[in-house]
Amino acid sequence: MKRATIAAALALLATGCSTYQAVTPVERAFQADPIASYQPGPYGGPAQIRVDGNRVVGADGVLFCVITNEVNGNAYVETFANALRARNFEVKILPAYSSVSSCPMTATYTVQRSNYLTPFLVSADITVFRNGERVGKAIYNANRSAGGINLSNFIPPEFKIEELVDQLFPGLKPQPAPAQAAPAANPASGAAPAA
């Protein structure tokens, strides 16, 4: 009986806590084509996409600009840029108050961090624009807890940002890390390369 009461109390504490996360994914520019780009190319047509089998795996270097926050919302901006680069976007960081029409794809970026035993993401507000028109948005807030234990403090910020980017661009998978070449045998040592 005592264990059941403790388990019920812990379950109640766990359900009382939550973070707020909402993502509106960026829709592809051309819905009829399953491998169409997320943004138009330089002449209004689809940008080049790299495909592996039936998976869309890269945006082939399409320019994606990130507009930073003027005051204090630029935590992990390089992590965000790296997540975009992993999807083969060419990323350029722009100063605050730049126009959302500066690039074919642009994101306004406001992310704040804090520390509680370990650094964590407090809030994120990322809005994506295509040719100046809003096409996607990701919001995350760890402070919207309804009491109880908030375990979001223990999620590494890099994982949370990667998750938000993955939800913003569903189907656009990160590029695999390049395979490292095996070191060549030194001919002076007389050792033959392994077969």
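The values are calculated or read from the model by the stated rules, or taken from the named source; none is laboratory data. These numbers come from a predicted model, not from an experiment. Every residue, glycine as well, gets a Cβ built from its backbone with ideal geometry; the counts of neighbours run over all protein chains shown.
Can you find a residue in segment 130-142 that is of a type outside the set (S, T, N, Q), surrounded by fewer than 17 Cβ atoms within 10 Å (Cβ to Cβ) and modelled with pLDDT under 90? No; the residues of segment 130-142 include none that is of a type outside the set (S, T, N, Q), surrounded by fewer than 17 Cβ atoms within 10 Å (Cβ to Cβ) and modelled with pLDDT under 90. Restricted to segment 105-115, and to residues there that are within 16 Å of Lys160 (Cα to Cα) and out of contact with any Pro (no Cβ under 9 Å at 6 or more places or on another chain), the residue that is modelled with the lowest pLDDT is Asn115.
Residues in segment 71-90 that are more than 17 Å from Phe159 (Cβ to Cβ), surrounded by fewer than 20 Cβ atoms within 10 Å (Cβ to Cβ) and of a type in the set (A, V, I, L, M, F, W, C): Val71 alone.
If the condition is being in a loop (DSSP other than H, G, I, E, B) and among the aromatic types (Phe, Trp, Tyr), then segment 96-126 contributes only Tyr97. For segment 159-170, state whether one or more residues are at pLDDT 90 or above, assigned to a loop (DSSP other than H, G, I, E, B) and closer than 21 Å to Thr68 by Cα. Yes: one or more hits. Apart from one condition, Ser102 fits all of (1) modelled with pLDDT under 85; (2) more than 19 Å from the chain's Cα centre (by Cα); (3) surrounded by fewer than 18 Cβ atoms within 10 Å (Cβ to Cβ); the exception is (1). The set of residues in segment 61-70 that are more than 20 Å from Phe120 (Cβ to Cβ) and touching a strand residue (DSSP E or B) at 6+ places or on another chain (Cβ under 9 Å) comprises Gly61, Val62, Leu63, Phe64, Cys65, Val66, Ile67, Thr68. The C-beta contact set for segment 89-105 (first residue hydroxyl-bearing (Ser, Thr, Tyr), second residue surrounded by fewer than 14 Cβ atoms within 10 Å (Cβ to Cβ) and assigned to a loop (DSSP other than H, G, I, E, B), distance under 9 angstrom, 6+ apart or interchain) comprises Tyr97/Glu70; Ser99/Gly132; Ser101/Gly132; Ser102/Gly132.
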